[in-house]
1. Mind checking which pairs have a first residue in the stretch 19-33 that is in contact (Cβ under 8 Å) with a residue 12 or more places away in the chain and surrounded by 13 or more Cβ atoms within 10 Å (Cβ to Cβ) and a second that is aromatic (Phe, Trp, Tyr) and part of a helix (DSSP H, G or I), Cβ under 9 Å, 6 or more apart or different chains?
2. Name every residue in the stretch 42-51 that is surrounded by fewer than 14 Cβ atoms within 10 Å (Cβ to Cβ) and either among the basic types (Lys, Arg) or touching a residue at least 40 places away in the same chain (Cβ under 8 Å) (or both), in order of residue number.
3. Test of understanding: among ALA4, ALA59, which residue is at pLDDT below 95, assigned to a helix (DSSP H, G or I) and more than 9 Å from the chain's Cα centre (by Cα)?
4. Confirm whether MET54 is under 13 Å from the mean Cα position of the chain (by Cα) and touching a residue at least 40 places away in the same chain (Cβ under 8 Å).
5. Restricting to the stretch 20-55, name every residue that is within 16 Å of ALA4 (Cβ to Cβ), part of a helix (DSSP H, G or I) and not hydroxyl-bearing (Ser, Thr, Tyr).
6. Can you pull out the residues in the stretch 62-72 that are part of a helix (DSSP H, G or I) and of a type outside the set (Gly, Ala, Ser)?
Amino acid sequence: MKIANRKIVEFIRDKWVVPMNNNSQFATENNIDEKTVRRIREDENYQISLITIMRICEAKNIKLSKFLEMVGL
């Protein structure tokens, strides 16, 4: 489970957070706290919650099943 969590966090970080290069904007656009964005970006042990994943998927207009497929899970 830890490996799956890490894959999800790294996917979100590499695909969306880092390219945007603006934690506040990413947080606002995805209906999550800026602190959560900092954790995604910086915390190697961050355990992302399902609600956070679902909010990002909703903001990106992606079904959860499609997102997990994109991550490789």
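1. ASN30/TRP16; ILE32/PHE26
2. At the first step, the residues of the stretch 42-51 found to be surrounded by fewer than 14 Cβ atoms within 10 Å (Cβ to Cβ) are 42-45, 47, 49-51.
Matches in the stretch 42-51: GLN47 only.
3. Working: ALA59 fails: at pLDDT below 95.
Of ALA4, ALA59, the one residue that is at pLDDT below 95, assigned to a helix (DSSP H, G or I) and more than 9 Å from the chain's Cα centre (by Cα) is ALA4.
4. Working: under 13 Å from the mean Cα position of the chain (by Cα): yes; touching a residue at least 40 places away in the same chain (Cβ under 8 Å): no.
No; evaluated as a whole, the condition is false for this residue.
5. Looking only at the stretch 20-55, we keep the residues that are within 16 Å of ALA4 (Cβ to Cβ), and these are 40, 44-50, 52-54.
Checking which are part of a helix (DSSP H, G or I) leaves us with 40, 50, 52-54.
Result: ILE40, LEU50, ILE53, MET54.
6. If we filter the stretch 62-72 for residues that are part of a helix (DSSP H, G or I), which is where we start, we get 64-71.
Answer for the stretch 62-72, where residues must be part of a helix (DSSP H, G or I) and of a type outside the set (Gly, Ala, Ser): LEU64, LYS66, PHE67, LEU68, GLU69, MET70, VAL71.
For (1) surrounded by 12 or more Cβ atoms within 10 Å (Cβ to Cβ); (2) modelled with pLDDT of 95 or more; (3) among the charged types (D, E, K, R); (4) out of contact with any strand residue (DSSP E or B) (no Cβ under 7 Å at 6 or more places or on another chain), each residue gets a yes or a no:
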residue	(1), (2), (3), (4)
ILE8	yes, yes, no, yes
ILE12	yes, yes, no, yes
VAL17	yes, yes, no, yes
ILE40	yes, yes, no, yes
ARG55	yes, yes, yes, yes
LYS63	no, yes, yes, yes
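The values are calculated or read from the model by the stated rules, or taken from the named source; none is laboratory data. Keep in mind the model is a prediction, meaning the values are calculated, not measured. Cβ atoms come from the backbone with ideal geometry, glycine included; neighbour counts cover every protein chain shown.
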